[in-house]
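Peer 1: Provided herewith is a single structure, encoded as structure tokens, for subsequent inquiry.
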Ligand code: S3P
């Protein structure tokens, strides 16, 4: 699709996966699906893959086996997905906290942190109840605590795009432009 950065509509072939990271409610799935369409690659949501592999919902996995088991499964599933063809991959909010996963992403992908403020996240997560971590106390306090712990680590992502309330396509435009820029820079560096 033509754009300011890609006026002739000729995208460089995607050689690395685009990996979306960020807290619950940042819009990784919604933005990821649309970004994949624009880039002409498949979209995979790591949480869905984990649910498929375990034949259980994330809630059930947390309840039956606990968070540690979930994290192990999450690391395995993401490593498998990253070893396949380039795609847009949305990861669960805790995935990027695992060093092993950050390294795998660094080797195989371009990471994009979808950064949102507390009010935006809170408003979005309040609409649904499928997130086990938010059931253990006051969701706003939990999100604030997770922001404190995770934002310094998310900041290691290759790209950061701020997301606000408003039309999702506007955010997708900004993510797409940032990704194209990054791909061009990488292509120039590897041709040097
Ligand atoms: C989690 C986020 C969830 C899911 C699980 C744990 C987290 O994914 O992986 O409930 O630790 O932040 P989303 O970020 O897609 O909601």
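Peer 1: Could you list, bin by bin from short to long, the percent of Cα-Cα pairs of segment 24-187 in 5 Å steps?
Peer 2: The calculated distribution, bin by bin, is 1, 8, 17, 22, 22, 17, 9, 3, 1, 0.
Peer 1: Per-residue ellipticity at 222 nm for the chain, helices alone: DSSP H runs ≥ 4 residues times -39500 (n - 2.57), over residue total, nearest 500 deg cm²/dmol?
Peer 2: Mean residue ellipticity at 222 nm (helix-derived): -17000 deg cm²/dmol.
Peer 1: Taking every pair of alpha-carbon atoms in segment 93-192, give the share separated by more than 16 Å as a whole percent.
Peer 2: 65
Peer 1: I'd like the distance separating the alpha-carbon centroids of segment 116-192 and segment 52-85, in whole Å.
Peer 2: 21
Peer 1: With the Cα gyration tensor of segment 29-70 in hand, give its eigenvalues times 5 under a square root as the equivalent ellipsoid semi-axes, listed largest first in whole angstrom.
Peer 2: Calculated on Cα positions only, the semi-axes equal 27, 9, 7 Å.
Peer 1: What residue among 133, 20, 121 has the largest mean-square fluctuation in a Gaussian network model of the chain, using Cα springs under 10 Å?
Peer 2: Highest fluctuation among the options: 133.
Peer 1: Evaluate E = 1/(1 + (r/R0)^6) for residue 119 and residue 55, where r is the Cβ-Cβ distance and R0 equals 25 Å; express this FRET efficiency to the nearest 0.05.
Peer 2: Result of the calculation: an efficiency of 0.10.
Peer 1: What FRET efficiency, computed as 1/(1 + (r/R0)^6) with R0 = 45 Å and r the Cβ-Cβ distance, is obtained for residue 173 and residue 75, rounded to the nearest 0.05?
Peer 2: 0.90
Peer 1: If packing is taken as the average number of other Cβ atoms within 10 Å across a peptide's residues, how do 102-109, 159-166 rank, most packed first?
Peer 2: In descending order of packing, they fall as 102-109, 159-166.
All of the numbers you see were taken from the coordinates with simple rules; none came from a lab. Predicted model, so just to flag it, every value in this text is computed and none were measured. Note that we place each Cβ from the backbone using ideal geometry, even for glycine, and neighbour counts take in every protein chain shown.
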